[in-house]
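Coordinate-derived values only; no laboratory data. Predicted model only: the values in this text are computed from it and were never measured. Counting neighbours? That spans all protein chains shown, and the Cβs are built from the backbone with ideal geometry, glycine included.
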Amino acid sequence: MSPESRPSISRDDVAHVAHLARLTLTPEEIERFTGQLAAVLGHAEDVAALDLAGVEPTAHPLPLMNVLREDEVRPCLDRDEVLAQAPAAEEGRFRVPRILGEAP
């Protein structure tokens, strides 16, 4: 898209959006972002102008497939054997440090 056919966005528009986003921009940044935002809006107009009749909406260009293995019933680890490996165990559970602010 040529610069003269870019969507109209003013320096004031950019300054207003920056204010809403609580950004402090220098005059040079406002000038640079005005051109960049105009280019982004131009690309959005190009996409909006496409004839997409008959094109199914999609969230991803490639088919997604689950790469996880199938669930299989298998024997569990022995609780006493696992707890024997832990640095600290108490009443059949792992003992962990108290979280700050938690009542004892």
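A few notes on this one:
- Among the residues listed as Ile9, Ile30, the single one being surrounded by 10 or more Cβ atoms within 10 Å (Cβ to Cβ) and either in contact (Cβ under 8 Å) with a residue 24 or more places away in the chain or in a loop (DSSP other than H, G, I, E, B) (or both): Ile9
- Filter result for Leu68 (part of a loop (DSSP other than H, G, I, E, B) and of a type outside the set (Val, Ile, Thr)): yes
- Given (1) of a type in the set (A, V, I, L, M); (2) under 24 Å from the mean Cα position of the chain (by Cα); (3) under 21 Å from Ser10 (Cβ atoms); (4) in a helix (DSSP H, G or I), number of the condition Val47 does not satisfy: (3)
- Any chance Leu37 is within 26 Å of the chain's Cα centre (by Cα), outside any loop (DSSP other than H, G, I, E, B) and among the hydrophobic types (A, V, I, L, M, F, W, C): yes
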